[in-house]
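Asker: Below: one structure in structure tokens.
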Amino acid sequence: MKIDISNFSERYIVRRMEKTDLADIYALCSQNSLYYQYCPPIVTEQSIIDDMRALPPNKGADDKYYLGYFDGEKLIAVMDFIMAYPDEKTAFIGFFMTEATVQNTGIGSRIIEDLCSYLKKIGLSGVRLGWVKGNPQAKHFWHKNSFTEIGVTYDTENYTVVVAQRIL
Ligand SMILES: CC(C)(COP(=O)(O)OP(=O)(O)OC[C@H]1O[C@@H](n2cnc3c(N)ncnc32)[C@H](O)[C@@H]1OP(=O)(O)O)[C@@H](O)C(=O)NCCC(=O)NCCS
């Protein structure tokens, strides 16, 4: 299934992020200290480069989109999006973060709403993601955006991930 990332948002410009965007991504991420308390280690430029390349099992780079959302020139959100994972009809959000100074104004929800309506339009049936168990901000945000736990968790060295899904 082909996707067009320019249709991901009605309101913001969406484009793939490159190495030249590293400083801006780092600036956005490093303000979100709560996230890294639950999901250590704290962000570095190297960890962003690693995330830009990271792929789930059995996926290729073709389905990987490490995206920036821009309000004019200003980077307001970053998303790691994987198409067709864990199955053909499901998309996966590996990471989503908004710029700290614009949080709690509905921007994150707007981005997720627009994304879900586009993915539904092109025939997907669900979006899957995970949050770190105990992170109140992430849990509240994803529940508010109609994601519900599927009853699966998995442990990493430093934390437990709660898997959730939204049916489109
Ligand atoms: C989660 C996140 C993406 C939400 O973005 P946003 O632009 O603030 O989204 P919205 O304004 O649409 O919604 C934010 C909601 O979180 C709630 N919230 C914010 N901080 C919170 C906290 N510490 N505990 C509980 N809820 C919290 C807000 O009250 C709001 O919910 P409400 O409208 O019911 O009051 C943003 O906070 C963020 O980037 N956090 C760090 C990264 C992260 O946790 N990403 C998600 C996990 S992958």
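The values are calculated or read from the model by the stated rules, or taken from the named source; none is laboratory data. Everything numeric here is computed off the predicted structure, so don't read it as measured data. Because the Cβ atoms are built from the backbone with ideal geometry, glycine has one as well, and the counts that use them run over all protein chains shown. We work out accessible area using only protein heavy atoms, side chains counted, and drop any ligands, DNA or RNA first. Shrake-Rupley method; radii C 1.70, N 1.55, O 1.52, S 1.80 Å.
Asker: Give the stretch 111-121 a look and list any residue that's touching a helix residue (DSSP H, G or I) at 6+ places or on another chain (Cβ under 9 Å) and surrounded by 14 or more Cβ atoms within 10 Å (Cβ to Cβ), or say none. Talk me through it step by step, then tell me what you get.
Answerer: Going through the stretch 111-121, the residues touching a helix residue (DSSP H, G or I) at 6+ places or on another chain (Cβ under 9 Å) turn out to be 112, 114, 118, 121.
The answer is 112, 114, 118.
Asker: I've got another one for you. Can you name every residue in the stretch 100-111 that is of a type outside the set (A, V, I, L, M) and near the ligand (Cβ under 8 Å from one of its atoms)? Quick ask: steps written out before the conclusion?
Answerer: Restricting attention to the stretch 100-111, the residues satisfying the condition of being of a type outside the set (A, V, I, L, M) are 101, 103-106, 108-110.
Those that are of a type outside the set (A, V, I, L, M) and near the ligand (Cβ under 8 Å from one of its atoms): 103, 104, 105, 106, 108, 109, 110.
Asker: Filter the stretch 16-58 down to the residues that are under 17 Å from the mean Cα position of the chain (by Cα) and within 25 Å of residue 88 (Cβ to Cβ) and list them by number.
Answerer: 16, 51, 52, 53, 54, 55, 56
Asker: Could you tell me whether residue 97 is closer than 18 Å to residue 26 by Cα, within 12 Å of the ligand (Cβ to nearest atom), open to solvent by less than 40 Å² (accessible area, probe 1.4 Å) and touching a strand residue (DSSP E or B) at 6+ places or on another chain (Cβ under 9 Å)? Working first, answer last.
Answerer: Numbers: closer than 18 Å to residue 26 by Cα: yes; within 12 Å of the ligand (Cβ to nearest atom): yes; open to solvent by less than 40 Å² (accessible area, probe 1.4 Å): yes; touching a strand residue (DSSP E or B) at 6+ places or on another chain (Cβ under 9 Å): yes.
Yes.
Asker: Hey, does the stretch 85-94 have a residue that's on the phi > 0 side of the Ramachandran plot and either more than 6 Å from the ligand (Cβ to nearest atom) or open to solvent by less than 50 Å² (accessible area, probe 1.4 Å) (or both)?
Answerer: To start, the set of residues in the stretch 85-94 that are on the phi > 0 side of the Ramachandran plot comprises none.
No, the stretch 85-94 contains no residue that is on the phi > 0 side of the Ramachandran plot and either more than 6 Å from the ligand (Cβ to nearest atom) or open to solvent by less than 50 Å² (accessible area, probe 1.4 Å) (or both).
Asker: Here is a further query. Check 50, 63 and return the single one that is surrounded by 15 or more Cβ atoms within 10 Å (Cβ to Cβ) and away from the ligand (no atom under 13 Å from the Cβ). Spell out how you get there, then give the answer.
Answerer: Numbers: 50 fails: surrounded by 15 or more Cβ atoms within 10 Å (Cβ to Cβ).
Step by step, each of 50, 63 is checked, and only 63 is surrounded by 15 or more Cβ atoms within 10 Å (Cβ to Cβ) and away from the ligand (no atom under 13 Å from the Cβ).
Asker: Let me ask something additional. I'd like the full set of residues that are surrounded by fewer than 18 Cβ atoms within 10 Å (Cβ to Cβ), assigned to a strand (DSSP E or B) and β-branched (Val, Ile, Thr), limited to the stretch 142-165.
Answerer: 148, 150, 152, 153, 160, 161, 163
Asker: Select from the stretch 130-141 the residues that are more than 7 Å from the ligand (Cβ to nearest atom) and open to solvent by less than 40 Å² (accessible area, probe 1.4 Å) and write down the one among them that is farthest from the chain's Cα centre (by Cα). Before you say what the answer is, go through the steps one by one.
Answerer: Here is the first cut: in the stretch 130-141, the residues more than 7 Å from the ligand (Cβ to nearest atom) are 130, 132-134, 139.
Okay, now just the ones that are also open to solvent by less than 40 Å² (accessible area, probe 1.4 Å), so 130, 132.
Details: 130: 10, 132: 13 Å.
The extreme case among them is 132.
Asker: Another question about this same structure. Can you find a residue in the stretch 114-129 that is outside any helix (DSSP H, G or I) and either free of Cβ contacts under 8 Å to residues at least 40 places away in the same chain or within 11 Å of the ligand (Cβ to nearest atom) (or both)? Outline the logic, then answer.
Answerer: So the first thing to find is which residues in the stretch 114-129 are outside any helix (DSSP H, G or I), and the list is 122-129.
Applying the additional criterion that residues be either free of Cβ contacts under 8 Å to residues at least 40 places away in the same chain or within 11 Å of the ligand (Cβ to nearest atom) (or both) yields 129.
Checking the stretch 114-129: at least one residue is outside any helix (DSSP H, G or I) and either free of Cβ contacts under 8 Å to residues at least 40 places away in the same chain or within 11 Å of the ligand (Cβ to nearest atom) (or both).
Asker: Regarding residue 139, is this residue under 26 Å from residue 33 (Cα atoms) and in a helix (DSSP H, G or I)?
Answerer: Spelling it out, residue 139 is indeed under 26 Å from residue 33 (Cα atoms) and in a helix (DSSP H, G or I).
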